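Presented below is the structure to which this report refers.
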Amino acid sequence: MTFRKSLSALLCGLLFGVGLSLGGMTDPAKVVAFLDLAGRWDPSLAFVMGGALLLTTPAFRWLLRLKRPMFEERFVLPTKQDLDLNLLAGAALFGIGWGITGLCPGPAIVALATGVPQFFVFVVAMIVGMWLSDRVTLLQTRRQMMRTTVPSTSNLSGS
Amino acid sequence: MEIVIQPEQWLRSLAGGLVIGFSAVLLLGINGRIAGISSILAGILPSARVMSEWSWRVMFIAGLIVGGAVFALLWPGALQHTLQTGWAGMALAGLVVGFGTRMGSGCTSGHGVCGIARTSRRSIVATVTFMTFGMLTVFIVRHVL
């Protein structure tokens, strides 16, 4: 069970990596040229997202009408619906880092295959950033739980 | 504004995008999971604590690297790249990208490719936001500083 799920994930990752390389996402200069509207704007990378959406948009719609995926009991989808500050601030921070280096998470990982040490520095720093962010979220949730449970316990002790 | 017109490059990018889309469709159809790379990577960290999700995530990330390597072998010079910053820039921006993608629940793949396809309001807003801030940052770095 786990074996075939891992094997299909490996195949998907492999395809994804080939797609990112073929599309040109692994070249930071191309990414920055795509983001540089005021300079010589290179629209190529719009075709990467466009090409992907051309397939995912109709296919996801069709797939999500099915009862279940092939190897699993159910589809695991994001549950959050509301637009919150974390979403906006997080996306903004990501955009800034993306603009500075021309690297987003996927292509940075694929670029490790080049063996160029700067990419390793980026990926390690990115993992540290992810870990830090998850720590902050954990502390926030704990504090919120404290806030909701503390009044009830103080009521108990008072009575 | 001057636009670089390279139709062969556009076709190559379109082909790359189709392969990425195909991969995301397979992962959802077979494993029932969203191909969001920041979430998959963060799910491997010890802080994630969901061991049942560990192996497929490791395999997907390994696949990304193997995919890049295979592609570079078949097509020498394919992974050519020009770095935009030095060591410090890479470290600082890496930190910011990692922090931001977790805080914002996704990156170019999860929000941009999969979320928009699900017409998720959060993903559409996130994609517009990181694109805008990416463009603003490049504008500042290239044309203001």
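Counting only residues that are assigned to a loop (DSSP other than H, G, I, E, B) and touching a residue at least 24 places away in the same chain (Cβ under 8 Å), how many does segment B:28-47 have?
Adding up the residues that qualify gives 3.
Just one of (1) more than 7 Å from chain A (Cβ to nearest Cβ); (2) hydroxyl-bearing (Ser, Thr, Tyr); (3) farther than 19 Å from B:GLY110 by Cα trips up B:SER47, so point out which.
It is condition (1) that B:SER47 fails.
What number of residues within segment B:54-96 satisfy the criterion of being part of a helix (DSSP H, G or I) and more than 18 Å from B:CYS107 (Cβ to Cβ)?
Going through segment B:54-96 one residue at a time, the tally reaches 17.
Among the residues of segment B:94-134, what is the count of those that are within 12 Å of the chain's Cα centre (by Cα) and more than 7 Å from chain A (Cβ to nearest Cβ)?
4
Taking A:PHE75 as meeting all but one of (1) within 26 Å of B:ALA62 (Cα to Cα); (2) in contact with a helix residue (DSSP H, G or I) (Cβ under 6 Å, 6 or more places away or on another chain); (3) at pLDDT 95 or above, write down the number of the exception.
Evaluating A:PHE75 over (1) within 26 Å of B:ALA62 (Cα to Cα); (2) in contact with a helix residue (DSSP H, G or I) (Cβ under 6 Å, 6 or more places away or on another chain); (3) at pLDDT 95 or above leaves (2) as the failure.
Can you tell me which residue in segment A:39-69 is nearest to B:TRP10 (Cα to Cα), limited to those that are free of Cβ contacts under 8 Å to residues at least 24 places away in the same chain, facing chain B (nearest Cβ under 7 Å) and aliphatic (A, V, I, L, M)?
Checked segment A:39-69; the qualifying residue nearest to B:TRP10 (Cα to Cα) is A:LEU45.
Can you tell which of B:VAL50, B:VAL19, B:VAL25 is surrounded by fewer than 17 Cβ atoms within 10 Å (Cβ to Cβ) and either aliphatic (A, V, I, L, M) or touching a residue at least 12 places away in the same chain (Cβ under 8 Å) (or both)?
That would be B:VAL50, the only listed residue that is surrounded by fewer than 17 Cβ atoms within 10 Å (Cβ to Cβ) and either aliphatic (A, V, I, L, M) or touching a residue at least 12 places away in the same chain (Cβ under 8 Å) (or both).
Filter segment A:100-150 down to the residues that are outside any helix (DSSP H, G or I) and either under 24 Å from B:VAL113 (Cα atoms) or more than 9 Å from chain B (Cβ to nearest Cβ) (or both) and list them by number.
A:GLY102, A:LEU103, A:CYS104, A:GLY115
The values are calculated or read from the model by the stated rules, or taken from the named source; none is laboratory data. Because the structure is predicted, anything quoted here is derived from the model rather than measured. A quick note on method: Cβ atoms are made from the backbone with ideal geometry, for glycine too, and the neighbour counts reach across all protein chains shown.
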